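Participant: Sharing a structure with you now.
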Amino acid sequence: ETAAWGVIQVANANMERAIRRISVERGYDPRRFTLMPFGGAGPLHACEMAENLQIPRVLVPPVPGVLSALGMLVAAPTKDYSQTVMRTVQQWSEADEAWLVQEAAPIAARAIAEMGEEGHDEAALTLSYRLDMRYKGQSHELTIPWAAGSHAVSELFHAAHEQRYGYRLPDDELLEVVTLRVTAVAPVDPPEIQQESLGNSDASAAIVGEKPVWFKERPYPTTLYNRENLRPGHQFSGPAIVFQYDTTIVIPPGWETAVDQFHNLILTSAA
């Protein structure tokens with residue numbers, strides 16, 4: 001059991017490092033967010049990772065094990081295009097904005113044509129434009145929405161760079177536009193998500209047993225639940241394990257669980 005516990009801690013540490021890379025290292029405080037695990041293994045580790053990262057809530061969707069597949073089926077058809085431009089913002093200002101419009105025009109035309117060939121209504125497509133930008137001499141870029149005017153784009157980049165790296169350089173002469181990106185999106189009718197009224201909080205009808213489970217290096221008596229029998233309004237406390245066909249959800253001691261109107265499990269730490 002001790003060896004198995006050590007394996008879990010190593011796995012958790014690797015996943016925590018990945019979450020820090022897309023949160024803390026990008027200027028976002030994890031304490032202000034909710035962690036949403038997906039995949040068959042995500043809900044096994046979510047609460048322990050949230051504790052270590054001080055994330056106050058975990059939201060487990062109804063089908064976490066196939067959430068990516070569900071997203072693929074309901075997402076809007078999208079195509080991304082890019083064109084290297086390599087021009088400083090100072091050159092942009094001096095040459096007016098016509099050059100950027102000219103650079104974008106053939107890419108946008110290609111996006112519309114290819115989406116049309118796939119059967120999408122060309123008149124209904126939505127095109128969005130972004131710029132990969134950096135300070136001169138850097139080897140990495142930040143992607144910024146294409147705003148009206150070089151000054152607006154510069155300010156968006158300065159703010160994004162300060163959030164990510166903690167500083168900004170006020171001289172626009174050091175700003176470079178590396179890549180122009182165009183995204184074409186076809187409209188799609190989103191599926192209707194069923195919502196139910198909250199009922200009573202007694203979740204005993206979903207209990208399928210009890211067994212000892214290891215948490216914090218020792219076994220705890222742990223209640224087992226069948227998720228198919230959990231209904232909006234049900235509440236229960238950890239330690240608990242919730243079983244469903246596509247994943248297993250581990251809820252450590254000190255965590256509270258509530259089922260919301262959309263059948264999501266909302267897990268909150270008592271700490």
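The values are calculated or read from the model by the stated rules, or taken from the named source; none is laboratory data. Nothing here was measured: the structure is a model prediction, and the numbers come from that model. Cβ: placed from backbone, ideal geometry, glycine included. Neighbour counts: every protein chain shown. The area values use the complete protein model at the heavy-atom level, side chains included, leaving out ligands, DNA and RNA. Shrake-Rupley method; radii C 1.70, N 1.55, O 1.52, S 1.80 Å.
Participant: 7 Å from Cα along Cα→Cβ at both ASP29 and LEU73: what's the point-to-point distance in nm?
Facilitator: 4.0
Participant: Within the chain, what's the longest stretch lacking GluC sites (Glu not before Pro) that sit in DSSP loops with no more than 10 other Cβ atoms inside 10 Å?
Facilitator: On the way: sites that count: GLU1, GLU118, GLU192, GLU217.
Within the chain, the longest run free of exposed GluC sites (Glu not before Pro) spans 2-117.
Participant: Also, quick follow-up: Would you please report the Å³ per residue occupied by the convex hull of the alpha carbon atoms in region 153-271?
Facilitator: Values: hull volume 27.8 nm³, N = 119.
Hull volume normalised by residue count: 234 Å³.
Participant: Right, here's the next one. Applying 1/(1 + (r/R0)^6) with R0 = 25 Å to the Cβ-Cβ distance of ILE22 and TYR167, what FRET efficiency is obtained, to the nearest 0.05?
Facilitator: On the way: r = 20 Å, r/R0 = 0.81.
Efficiency for this residue pair is about 0.80.
Participant: Note the angle between two axes, namely the Cα long axis of helix 2-22 and the longest principal axis of the Cα atoms of the chain, as a number of degrees from 0 to 90, rounded to the nearest 10.
Facilitator: Its long axis makes an angle of about 30 degrees.
Participant: So what's region 1-72 giving for Rg/Rh, alpha carbon basis, Kirkwood Rh from the mean inverse pair distance? Write down the numbers at each step before the final one.
Facilitator: Values: Rg = 13.0 Å, Rh = 13.0 Å.
The Rg/Rh ratio comes out at 1.00.
Participant: Name the aspartates and glutamates eligible as straight-distance cross-link partners of LYS211: C-alpha to C-alpha under 16 Å, and not fewer than 8 places from it in the same chain.
Facilitator: GLU1
Participant: To continue, here is another question. Decide, for region 221-271, between rounded, prolate and oblate: order the square roots of the alpha carbon gyration tensor eigenvalues as a ≥ b ≥ c, take rounded if a/c falls under 1.5, and otherwise choose prolate if a/b is larger than b/c, else oblate. If you can, show how the numbers build up before the last one.
Facilitator: Working: a/c = 1.86, a/b = 1.16, b/c = 1.60.
Because a/c hits 1.5 or more and a/b fails to exceed b/c, region 221-271 counts as oblate.
Participant: Okay, next question. Please report the accessible area of PHE262 (heavy atoms, 1.4 Å probe, ligands and nucleic acids excluded) in Å², nearest 10.
Facilitator: Surface open to solvent at PHE262 totals about 80 Å².
Participant: I'm a student and want to see the number: the projected area of the Cα convex hull of the chain, averaged over all directions, in nm². Before the final figure, lay out the partial values.
Facilitator: On the way: hull surface 74.3 nm².
If you wrap the Cα atoms of the chain in a convex hull and average its projections, you get 18.6 nm².
Participant: Using label points projected 7 Å from each Cα along Cα→Cβ, tell me how many nm separate GLN194 and ILE8, to one decimal.
Facilitator: My value for the distance between the label points is 3.3 nm.
Participant: Excluding ligands and nucleic acids, what accessible area in Å² is computed for ASP260 using a 1.4 Å probe, to the nearest 10?
Facilitator: 30
Participant: Using Cα atoms only, what is the angle between the long axis of helix 98-117 and the major principal axis of the chain, expressed in degrees (0 to 90) to the nearest 10?
Facilitator: On a 0 to 90 degree scale, this one is about 50.
Participant: Where does each of VAL185, VAL242 land when they are ordered by accessible area, with a 1.4 Å probe and the largest first?
Facilitator: VAL185, VAL242
Participant: Another question about this same structure. What percentage of the solvent-accessible surface of region 130-221, computed with a 1.4 Å probe over protein heavy atoms, is contributed by carbon and sulfur atoms?
Facilitator: Values: 2890 of 5620 Å².
Taking all protein chains in place, region 130-221 shows 51 percent carbon and sulfur surface.
Participant: Rounded to the nearest 0.05, what FRET efficiency is calculated for THR268 and MET36 with R0 set to 22 Å and r the Cβ-Cβ distance? Display every interim value, and only then the final one.
Facilitator: Details: r = 14 Å, r/R0 = 0.63.
So, using R0 = 22 Å, E works out to roughly 0.95.
Participant: Restricting to DSSP H runs of at least four residues, report the calculated mean residue ellipticity at 222 nm for the chain, -39500 (n - 2.57) per run over all residues, nearest 500 deg cm²/dmol. Before the final figure, lay out each step's value.
Facilitator: Values: 6 runs with 83 residues, N = 271.
Helices in the chain give a 222 nm mean residue ellipticity of -10000 deg cm²/dmol.
Participant: Using r as the Cβ-Cβ distance of THR183 and ASP260, and R0 as 30 Å, what FRET efficiency do you calculate, to the nearest 0.05? Can you show the working numbers first?
Facilitator: Working: r = 32 Å, r/R0 = 1.07.
Plugging the Cβ-Cβ distance into 1/(1 + (r/R0)^6) gives 0.40.
Participant: Tell me the accessible surface of SER82 in square angstrom (1.4 angstrom probe, heavy atoms of protein chains only), to the nearest ten.
Facilitator: Accessible surface of SER82 is approximately 70 Å².
Participant: Calculate how many DSSP beta bridges within region 159-255 are antiparallel, expressed in % of all such bridges and rounded to the nearest 5.
Facilitator: Values: 13 of 18 bridges.
Of all bridge pairs located within region 159-255, approximately 70 percent are antiparallel.
Participant: Can you give the extra length, in nm with one decimal, that the chain gains between GLU217 and GLN54 once fully stretched, where that is 0.36 nm per residue apart less the Cα-Cα distance? Walk me through the numbers on the way to the answer.
Facilitator: On the way: separation 163, 0.36 × 163 = 58.68 nm, distance 2.04 nm.
Stretched fully, the GLU217-GLN54 segment lengthens by 56.6 nm.
Participant: Rounding to the nearest 10 and keeping the result within 0 to 90°, find how far the Cα-based axis of helix 150-165 lies from the longest principal axis of the chain.
Facilitator: Between helix and principal axis, roughly 40 degrees.
Participant: Just reorder MET15, MET36 by solvent-accessible area, largest first, 1.4 Å probe, all chains present.
Facilitator: Values: MET15 65, MET36 95 Å².
I get MET36, MET15, largest accessible area first.
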